[in-house]
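Beneath this line is the structure, given in structure tokens, with notes to follow.
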Amino acid sequence: MTRLIKLYDTTLRDGTQGEGVAFSMEDKVRIAQRLDALGIHYIEGGWPGSNPKDLRFFKRVQDAVFKTARVSAFGATRRPGVRPAEDPNLQALVEAGPPVVTIFGKAWDFHVTSALSTTLEENLAMIGDSIDYLRKHFEEVIFDAEHFFDGFKRNREYALRVVQTAEAAGAHCLVLCDTNGGCLPHEVAAIVREMKTVVRPTSPLGIHVHNDSECAVANSLAAVEAGASHVQGTINGYGERCGNANLVSIIPNLMLKMGLESLPREHLHELREVSRFVSELANRKPWASQPYVGDSAFAHKGGIHVSAVLKHPETYEHIEPELVGNHRRVLVSELAGQSNVLWKAREYGIDLDKNTPEARRILEMLKKLEDEGFLFEGAEASFELLMERALGNHRTYFELQGYRVIVEEQSASGDGEPVAEATVRLRVRGMEEHTAASGNGPVNALDHALRKALEEFYPNLRQMSLLDYKVRILDEAKATAAKTRVLITSGDGDETWGTVGVADNIIEASWQALVDSVEYKLRRDERRSQH
Ligand SMILES: [Zn+2]
């Protein structure tokens, strides 16, 4: 039987420690749902004891249905000299209430005495007590042995006692951490191999490593090779300093190179799309030469190289790019061929690889929009509307006749905060609507004015709200002036969706994304009521 390697994603917790990575609560919910659909086994949602936003996330996902993933909360062991039932951090974990909890304890004696300022014996008691207590409240308790490898190198006996204490207290998985990220693969392999002989054969070992020596992926694989069966990491390797282990590379390495099981095989081709989805929500530019999923990962430039690769792809490609949802690029300019686009199109019964008139029409539209700077990762709703338009099924709910936005600084009258006001002229069901509304910024004011004009015709728009708003200046645009891309996340309590707009100015780009968001809601509700 093939060995199953369980994947534990900590993008939403450790990943957000990375410089420039921040997710709103809605982003976190969307990422969790996307990772669940991919087939990740565990999703660490946050540290409820350290951050009220994280606690809200756990409340929010309590009713959400996850198909494969188990949601986990992260926290520290009890504090020195405090009973578990009285420790606020452990209480926050219990209050968060997911099925799985992951707690970390120090496995390096130096950290115990210098950072925790307690005795080595008390640290062991803290680990044992906390696990014992949490087992009563959670289905699964995972133990992260923090600084395990550094501890092992300096005080092997103590590091072993830490792991054995967690094992004896009943932790369901013992995760060995290279918290400082300085280890090399041969060290990790040797230590994990030794640990296999120390713990009971039934105790699963896990690995959690950082990338400070640029070995996080290699170290994770070395640990698996040596017997670990649980791998922690983040999407695109986001994380503190140089990042965490990158699951987007670890997964295909495990499945395609090492012959192990991790994701359901039929989801492997979604990797590129998931990688892009998360980078879009993190507002980070995708990394072109990212192994497996980057735009350049299978890009071939001119000459002998290209003719060889066209005849025998294996001459210059380590895997078939389609296995991870990527594709070969030979020509300088061509459709980016994003996998989610192909995949979404298939849901509409359109195979973009086939030369049908619909496929040709959609490809033409996509090519044009991509030239303008559109990207549909993270904006599935806009893509659905594009498909509707290409298929001739698009319905107009209103026609824009014009809008105007004024931003005014009213220092004399108010507190000096500028005030935005928007007016919108629309035709809705043959009627002229002319509304004005204010807001705390121009986009907010436009959103209010648009809704005000439409709500009497479409009362269901009242359920909908704008949850998140992101702006990116496209310096890579082909036009001479920089363009602006706006990504909006909206929700109605039932679903959240993303829409995109691109224009020379931020107001127009925002307007496009707003209109798509409203049209998506109206279209979806209409289709639902027909069933
Ligand atoms: Zn970490």
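The values are calculated or read from the model by the stated rules, or taken from the named source; none is laboratory data. Everything numeric in this text was worked out from a predicted model, so none of it was measured. Cβ: placed from backbone, ideal geometry, glycine included. Neighbour counts: every protein chain shown. For accessibility, only protein heavy atoms count, side chains too; no ligands or nucleic acids. Shrake-Rupley method; radii C 1.70, N 1.55, O 1.52, S 1.80 Å.
The residues of the stretch 186-239 that are on the phi > 0 side of the Ramachandran plot and more than 13 Å from the ligand (Cβ to nearest atom), listed by number, are 214, 227, 236. Look at residue 33 and say whether it is open to solvent by 30 Å² or more (accessible area, probe 1.4 Å), farther than 22 Å from residue 260 by Cβ and within 15 Å of the ligand (Cβ to nearest atom). For residue 33, the condition - open to solvent by 30 Å² or more (accessible area, probe 1.4 Å), farther than 22 Å from residue 260 by Cβ and within 15 Å of the ligand (Cβ to nearest atom) - is not met. With the structure loaded, tell me whether residue 259 is open to solvent by less than 10 Å² (accessible area, probe 1.4 Å) and either away from the ligand (no atom under 13 Å from the Cβ) or touching a residue at least 40 places away in the same chain (Cβ under 8 Å) (or both) or whether it fails that test. Taking the combined requirement at face value, the residue does not satisfy it.
Of the numbered criteria (1) out of contact with any strand residue (DSSP E or B) (no Cβ under 7 Å at 6 or more places or on another chain); (2) at negative phi, the one residue 97 fails is (2). Only residues that are outside any strand (DSSP E or B), open to solvent by 10 Å² or more (accessible area, probe 1.4 Å) and away from the ligand (no atom under 16 Å from the Cβ) were counted in the stretch 124-155, giving 15.
Annotation note: of 173, 242, the sole residue that is in contact with a Pro (Cβ under 8 Å, 6 or more places away or on another chain), within 16 Å of the ligand (Cβ to nearest atom) and in contact (Cβ under 8 Å) with a residue 40 or more places away in the chain is 173.
Take residue 424 and decide whether it is buried (at least 17 other Cβ atoms within 10 Å of the Cβ) and more than 30 Å from residue 279 (Cα to Cα). When the stated conditions are applied, residue 424 passes them. Looking across the stretch 370-396, the residues that are free of Cβ contacts under 8 Å to residues at least 40 places away in the same chain, surrounded by fewer than 20 Cβ atoms within 10 Å (Cβ to Cβ) and not in a loop (DSSP other than H, G, I, E, B) come down to 370, 389.
Restricted to the stretch 1-22, and to residues there that are away from the ligand (no atom under 16 Å from the Cβ) and open to solvent by 10 Å² or more (accessible area, probe 1.4 Å), the residue that is nearest to residue 60 (Cα to Cα) is 22.
Residue pairs, Cβ under 7 Å, 6 or more apart or interchain, first in the stretch 207-228 and over 19 Å from residue 260 (Cα atoms), second away from the ligand (no atom under 11 Å from the Cβ) and not in a loop (DSSP other than H, G, I, E, B). List them. Note: pairs meeting the criteria are 209/219; 209/220; 211/237; 215/185. Considering 219, 253, the condition of being polar (S, T, N, Q), over 24 Å from residue 101 (Cα atoms) and either out of contact with any strand residue (DSSP E or B) (no Cβ under 8 Å at 6 or more places or on another chain) or surrounded by fewer than 19 Cβ atoms within 10 Å (Cβ to Cβ) (or both) is satisfied by 253 alone. Got at least one residue in the stretch 59-74 being closer than 15 Å to residue 134 by Cα, touching a Leu at 6+ places or on another chain (Cβ under 7 Å) and within 16 Å of the ligand (Cβ to nearest atom)? Yes; the residues of the stretch 59-74 include at least one that is closer than 15 Å to residue 134 by Cα, touching a Leu at 6+ places or on another chain (Cβ under 7 Å) and within 16 Å of the ligand (Cβ to nearest atom).
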